[in-house]
Amino acid sequence: MSLITAIPKAAIGTGLKVVRLPIDAALRLTGNGNGRAESLHEAAEERVEMAEEAAERRHEDAERRRRQADRRAERSREKAQRERHASKERAKRAAAGRKQTTERDATHRKEEAAEQQKHDHAEVVKAKLEANDKAEKALEAAKDAARFEAEAARAKAARKATAGGPSREPE
């Protein structure tokens, strides 16, 4: 039995003895003391036993409530730990998702840039081909012009030579 339950038990027992003394003395003086004293003594002992049993029940109830509180606290700690773990897992998945999205976007941008570069290169090649075509046409036109000019000069010279002399024809 613990000190806490022993103190009230001792106090109750001593208190009953103190209360019984004057009653026992009075009963002895009257002559009916022995039967009545024994009856009071038995009643006091019963009350002490009942008080001890009640204290024991309170102690057992307190112990049971403490064990229940410990179990609730343990369940609460386990739940908090599960929630922390789940939160970390959600954060990892979110980070992995963001990383994957970033990588996918970067790949998409690289592909678009490569496509744009191909398109730009094709445009440059097309522009060069068109410029070359225009240059060839211009060169052909210049050759044709030179040829026409040369033919015109020969025709003029031939006309002059056939006309017989320095005649003035409008040019």
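The values are calculated or read from the model by the stated rules, or taken from the named source; none is laboratory data. Values in this document were obtained by computation on a predicted structure and should not be read as measured data. Neighbour counts run over all protein chains shown; Cβ positions are idealised from the backbone, glycine included.
Miscellaneous remarks
- Condition check for Lys118: under 60 Å from the mean Cα position of the chain (by Cα) and modelled with pLDDT under 90: yes
- Counted residues, region 37-77 - those being within 30 Å of Val18 (Cβ to Cβ) and of a type in the set (Ser, Thr, Tyr): 1
- Breaking point among (1) within 57 Å of the chain's Cα centre (by Cα); (2) within 30 Å of Gly15 (Cβ to Cβ); (3) not acidic (Asp, Glu), for Ala51: (1)
- So Ala80, is it free of Cβ contacts under 8 Å to residues at least 12 places away in the same chain and farther than 30 Å from Thr14 by Cβ: yes
- Checked against the criteria, Ala73 counts as out of contact with any strand residue (DSSP E or B) (no Cβ under 6 Å at 6 or more places or on another chain), small (Gly, Ala, Ser), at pLDDT 95 or above and surrounded by 10 or more Cβ atoms within 10 Å (Cβ to Cβ).
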